1. Output the residue which, of all residues in the stretch 592-606 that are in a helix (DSSP H, G or I) and in contact (Cβ under 8 Å) with a residue 60 or more places away in the chain, is most open to solvent (accessible area, probe 1.4 Å).
2. If you check GLU418 against the conditions, is it part of a helix (DSSP H, G or I), surrounded by fewer than 21 Cβ atoms within 10 Å (Cβ to Cβ) and in contact with a Lys or Arg (Cβ under 9 Å, 6 or more places away or on another chain)?
3. Go through the stretch 119-132 and report how many residues are out of contact with any strand residue (DSSP E or B) (no Cβ under 6 Å at 6 or more places or on another chain) and either on the phi > 0 side of the Ramachandran plot or at pLDDT 75 or above (or both).
4. Of the conditions (1) open to solvent by 10 Å² or more (accessible area, probe 1.4 Å); (2) part of a helix (DSSP H, G or I); (3) without any contact (Cβ under 8 Å) to a residue 40 or more places away in the chain, GLY674 fails just one. Which one is it?
5. Answer yes or no as to whether GLN755 is of a type in the set (S, T, N, Q) and surrounded by fewer than 22 Cβ atoms within 10 Å (Cβ to Cβ).
6. Are there any pairs with C-beta distances below 6 angstrom linking a residue in the stretch 273-284 that is in the same structural domain as LEU393 (by the TED database) to a residue that is in a helix (DSSP H, G or I), with the two at least 6 apart or on different chains, and if so which?
7. Please indicate, with yes or no, whether at least one residue in the stretch 778-792 is buried (at least 20 other Cβ atoms within 10 Å of the Cβ), free of Cβ contacts under 8 Å to residues at least 24 places away in the same chain and not in a loop (DSSP other than H, G, I, E, B).
8. Residues to consider are LYS401, LYS438; find the one that is of a type in the set (Lys, Arg), part of a helix (DSSP H, G or I) and under 29 Å from LEU154 (Cα atoms).
Amino acid sequence: MNDKNYRKARPSFVCLVCRSKKVKCDKARPSCGRCRKTNKLCVYEIDTDQLAGQFDEGSATSSNANTNEMAITPATSATSSSNDDASPMLRNASKISNGTSIISPQPENTGFGGSPNSLKMKPLQNQKIKNVKMRLWHPNDMLVSFGSTTFVDLPYGSHSFVESDLYLRALCAALHGDTITELRSRLTNISAASTPASMENPSHNPTVPTEAAITTRPKTLPNNLDREIHPLKFIEKAIVKWIENTTELVTNHMPLEYFNTTHTIDDSMHPSLLRSLHTLAREIEVILLDKDVIDILLKKFYSEVYPFYPLIDIPTFEKKLKNVLLNSNGRRYELNLYGSTTGIRLKLESLALFLIIISITLRSPTYSEEECHILKSNALETARQLLIFAQKLLSLLNGFKFTNENVLCSLLYLFLAEYLNPENRDVDITNDKIMTLKCLNTLATQIGLYNDPSSYPRYDNDPFTGEAFQQFRRKLWIGIQSINFQIFTSNGSSTTQNSDYLKIFLDTATNVTSLLSSKNFEVSEIEKKIFSIQEDKYEFHIIVARLMNSCTSLTTDQDLFEILENIKSTLAFMHQRFPISKLTDFEITSDIQTEPQWRNAEINLTGVEATEILNMNILGLSTIMNVYNVLSFHFEKTTGTNTSNNEPYFHKFILEGINAYLKLTTLIVDYLKGNYSLHIKRDNEYCLNKYAVLTLVKLWLSQMAYSLRFSYKKEIRKQQKVINSTTFLTNYPEDDDKLDTLLNLGISHIQRQMQVLVDLAAERLQDTYFGCYQATLMAKYLLYVMDNAALPNFINRFWDRAFNTKEIPEGVLYKLNMKWGLSTKNHNFVMKNLMNPESLKNINLKLLKQIEYMFEDTTFYKHPSPATFDSNNSTPSFDSEELLNQFLEINFDQFLGVINDNLGELPTL
């Protein structure tokens, strides 16, 4: 086409209101004169910022002139083709393989509401930033101290993440302090009341309250209950269940004599130890299940748990079981621990592993009462008892003195039994579990698992260790690294030495899958498929470990460009090896295979692969989301000293964090809605749901981090307007109205996103997973506060009470300081840090427009519109106040112990 005759279409510069009415427009920006006079929202076809961007693009250079500069582009752009017309959310979600996106595009007008173009802006691309050296972590941000427990949390663990953000820290400490103060107040009232019925009537059963016990209670509630609805009212059921679980744990502890023995399990034992072992064997036989039930449970373990945690060689394990379980004529097996050429230690190792495997399977959410003919409650109690017996056996075997592969395998599955346990009250990994896993890693390196068995020629010449034993060692190393990946590495607890161990194994093994079979040892196709997936996970682990090592060094400053390059590598590998498109691919048919050597267990290999794809995407995105959030927190703190230089960094990383957050939220929502049920069956969810619960908590923390900033910005602007109202300044710039509108929209967006997650968690997970039940109740309270637009008021009021009144006991304040690192010595804490306009000056119109654009591009919830914002002042309904007070009275000593000694262990706090 001849350029001379070609005229490019030009956009209209008349506002839409004047154009629709066909009246003259003075084209003034941001609002024309006619719209200002009529108080109408003035909207242009091209916004001012977008218009300026057209002229800026022509001067942009395509290459970096300085190696210390990097263009601000979405971190995921390395994994997708350039497409300026696509939204950043879609472009960032596209994958190497076929460009399929995680998040679908949303049209401008969908019936969901939506904001006009003047209130949103496509996130800016190709802005240059310079490399900087940073110190992202301070020791005070990771220390946790409560009761008699002190430890340093993992760098990206939930507690460290909260402490790295001043707003989250203030919120969590306020929630914690308010709940504890209210609980303490009720206990004080109970203590001051008349003698409980249980004291007056010795025959009264203290665990079953009576009407008499209720009538002796003080009738007046603490005065501060009249001020507002407390978090305690939302989580009271969780506290009751938490105390009940605590009592169970106390009654199920192991006898001291099983730990303090100077004798060793062997073929020739001390007589006193032999008697103890006889007694233990008889006790195990009493609760051992019927043969047909054991067969069902073992098959269930092989099909549901083993594919995700393949630590054993199943044919070898089955052979060992035949030496331990004597197949008598009765309905149950008898234990055969003596009178055989096989050493008693080997038999006890096999027995311990067997008990743990049965316990894990009994706790499965897919356990069937009809199939096993045992009530679910009885199955859970049996699982608890079997685990106690397994722990006793492992204590007698003393695996940390007599180190070997069999004991390590049992200890790893014992760790998984507690980690996967739906009744476990802990959402995140706790300090004792961190210490346990570190000990198991030390044991693994102590027996040299980080080298492939081929590095030890002595195994080739040993007649008692064949090829199966070498495969066993490989599986143990790959298995423990899979656990480390999910618990340690994704939370930033990865060291250079850990990465070296990971690489050493690959250097000596060359190819994980090919080593599973040889001329003398052929494995099934099922095993090959499982370990093909495990190999991809192992390589992904190395890449994520490199990312986290670049983020968490405690001895050197972090290099920004190194972190960003590692994020790109992480996303590229994740999209290529774990493509999310496979989860909804209707052309993929289910591959279900039966393995004769596994008691004819049926393995859905398609479901195993799909579950691991989802798991790795959740892990990868949650890790990257946390890294971006911490980077944004860092540059937010440094913005006050150098706004012009640091604002681009803060905007870059908060937008990238929200980008990762939205993709991760969409992934979790799709999973909980059953959108991946084509390939991920319910039987595959046991090894996924616990991590899904933890991810929900991470998402709720991120939502609160964003919402707190918007809410405090809104409060600061309210105060500024009050101050300005006392002056002659009566006309406010149009941008002020847009800023207020976008703040309201942002809060409302997050509110609705959070509501979707809470509803799905309540529907799908909270009835089965106690940790999810606790977290969901607290999330409901936060939603209630947000519904009433009272988030800053709640925090400010608590800290005002802490600074200026005696309502919060000094003991509570002291322990809050020890756990959350917030001292009341600084009496201007709220005004100086939270209500300071300088703290949030980078939450400006340009940033909010870009965030609004990203929110509008997401489709899993109903969008708010500028005309209607969520506000719900209704009071939720609760159970009778007397029920909780009665429970507090009956369990007074236990709750008093919580207040005095274990502050910090209350659910979700």
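The values are calculated or read from the model by the stated rules, or taken from the named source; none is laboratory data. Owing to the predicted nature of the structure, the values given are computational and were not obtained by experimental measurement. Positions of Cβ are generated from backbone atoms using ideal geometry, with glycine treated the same way; all protein chains shown enter the neighbour counts. Calculation scope for accessible area: heavy atoms of the full protein, side chains included, ligands and nucleic acids excluded. Shrake-Rupley method; radii C 1.70, N 1.55, O 1.52, S 1.80 Å.
1. So in the stretch 592-606, the residues in a helix (DSSP H, G or I) come out as 596-598, 605-606.
Next, from what is left, pick out any that are in contact (Cβ under 8 Å) with a residue 60 or more places away in the chain: 597-598, 605-606.
On the way: GLN597: 114, TRP598: 5, LEU605: 6, THR606: 16 Å².
So the residue we want is GLN597.
2. For GLU418, the condition - part of a helix (DSSP H, G or I), surrounded by fewer than 21 Cβ atoms within 10 Å (Cβ to Cβ) and in contact with a Lys or Arg (Cβ under 9 Å, 6 or more places away or on another chain) - is met.
3. From the stretch 119-132, those out of contact with any strand residue (DSSP E or B) (no Cβ under 6 Å at 6 or more places or on another chain) are 119-125, 131-132; that's our starting set.
Then keep just the ones that are either on the phi > 0 side of the Ramachandran plot or at pLDDT 75 or above (or both); that gives 119-123, 131-132.
Of the residues in the stretch 119-132, 7 are out of contact with any strand residue (DSSP E or B) (no Cβ under 6 Å at 6 or more places or on another chain) and either on the phi > 0 side of the Ramachandran plot or at pLDDT 75 or above (or both).
4. (2)
5. On the way: of a type in the set (S, T, N, Q): yes; surrounded by fewer than 22 Cβ atoms within 10 Å (Cβ to Cβ): yes.
Answer is yes for this residue.
6. If the second residue must be in a helix (DSSP H, G or I), the pairs left are ILE284/PHE389.
7. Looking for residues that are buried (at least 20 other Cβ atoms within 10 Å of the Cβ), free of Cβ contacts under 8 Å to residues at least 24 places away in the same chain and not in a loop (DSSP other than H, G, I, E, B), one finds at least one in the stretch 778-792, hence yes.
8. On the way: LYS401 fails: part of a helix (DSSP H, G or I).
After ruling out the rest, the residue left standing is LYS438.
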